[in-house]
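The structure appears below as structure tokens.
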Amino acid sequence: MDVLILSRLQFALTIMFHYLFPPLAIGLGALMVFMEGMYLKTKDPQYESMAKFWTRIFAVNFAVGVATGIVMEFQFGTNWANYSRFVGDVFGSALAAEGIFAFFLESGFLAVLVFGWDKVSPRMHFFSTVMVFLGSIFSSIWITVANSWQQTPAGFHIVGEGLTARAEITDFWAMVFNPSSIDRLVHVWLGAFSMGGFFVMSVTAYYILKGRHLDISKKAFTVALLLATLSSWGQLLSGHHQARVVAEHQPAKLAAFEGHFKTGDGGAPLFIVGHPDTKTETTQGIAVPGLLSFLIHGDLNKPVTGLDKFAKEDRPPVAITFHSYHVMVGLGFFMMGLTGLAAWLRIRGRLFEQRGLLWMFVFAVLAPVAANQLGWVAAEVGRQPWIVYGLLRTADALSPVVRANQVLGSILMFGVIYTLLFAVWISVVDHKIKQGPEDMPFSPAETPHGFLHTAGNLKAGGSLTEGKD
């Protein structure tokens, strides 16, 4: 196979596997801060038990995320030497900031977070939890800034010519606040919060269905549902605004997102489902006339730039961009509907009676995982054939000495290693979930005292369903 395709496959494998863990760390971190903060405020031991339980899972996730992230960064020097030289001045500052302000902060307080429950004061431990969460946030900021600069370069000039050319920062803050960085960062955070919320709801829904840790699971589910609902519905606004930025700065990518081949004189349709055919340059499916024009321009009749305005060699792969984008959007609406229904039922006090819905939440954790992955596929494939949009082509960014057989060998090796690593992660997390919140293995209703209290209510004419939520 071609060394370019293999190198791209290798990077896709490593970054997609790595990206399973940082969003979960951010989402869990936000929930841990809330749970521990509620414990300090209310002194409710169930919140402390929640925080301790999810901290143990967070630690496993953090360890695997760090290990997989290191591999990804080495590829810049091995497979993408020309790219590293071109963006070195830009990425050097961003990645250095990530190391100083994020990784050291996160790892520095991690030991206190995991091992300091009985060794430091509750307020100091809460401070360490906040610092670890902020470390994950800062890490996402600098990584997203670096990626966004590839999409919409700003604050630089080009030094040198040909293969020796490189981008050099002229305005650091213009580089940081490039046209797409804020919108992309908000979208990343909301995706991470959704993933953390759905992960916690998956585990606690399973506990509720099995009759384990009922009180603490219902509280944790409710907290996670609040975060997942806000973030899932927030993605609708965030995605809409980001699409407008893409339309302005990367019109070929937006055209690929929507399978929009012909610019035309009138409004552009928005495809709900469909399939683009690059041979005939048409898209077949179900579309709403003029809706794409309205969403981008606020006008049903205003044209949207199509792929026909770009040379064929400058167009991104349309099919994979279109389908990954549309499946991501579909999963987003699924999460909005599911969390909206659950929130409505929770307010009415009927959520935890719906066993079918709870079983859906057990498996619905796959939705934000897939949506996060597909979002990056759409964003990165849609940028092609540019690795730095409009400045450096992906084909020109390769290391000149790397051979196809070498890359193929490393793909097979990483495939085996990552399969084993993922199996270990699943095994350890599954073991901790089966253990449950060790500091409070039974909810109050499951203890002998709780049983007697419930029996007393029944003798007094109470109902079995009272206080169920």
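Read the figures in this text as sums done on the coordinates, not as results from a lab. All of these numbers come straight from a predicted model, not from anything done at the bench. Because the Cβ atoms are built from the backbone with ideal geometry, glycine has one as well, and the counts that use them run over all protein chains shown.
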Can you give the three extents of the C-alpha atoms in the stretch 209-341 along their principal axes, from longest to shortest, in whole Å?
60, 29, 25
Using a 10 angstrom Cβ neighbour count of at most 11 plus a DSSP loop assignment to flag exposed trypsin sites (Lys or Arg not before Pro), which longest range of the chain is free of such sites?
120-278
Dividing the convex hull volume of the Cα atoms of the stretch 1-132 by its residue count, what figure in Å³ per residue is obtained?
103
Gyration tensor verdict on the stretch 1-52 (Cα atoms; rounded if a/c is under 1.5, prolate if a/b is larger than b/c, oblate otherwise)
prolate
For the stretch 3-438, size of Cβ-based charge dipole, Lys and Arg +1, Asp and Glu -1, in debye
1180
For a bin width of 5 Å, list the pair-distance distribution of the stretch 302-401 built from all Cα-Cα distances, rounded to whole %.
2, 11, 14, 15, 13, 11, 9, 7, 7, 6, 4, 2, 0
For the chain, what's the relative contact order in percent, using C-alpha pairs closer than 8 Å and at least 6 residues apart?
19
Mind listing P(r) for the stretch 3-438? All alpha-carbon pairs, 10 Å bins, whole percents.
4, 19, 28, 26, 16, 6, 1
Within the chain, what is the longest stretch that has no GluC sites (Glu not before Pro) placed in a DSSP loop and near at most 13 other beta-carbon atoms within 10 Å?
162-437
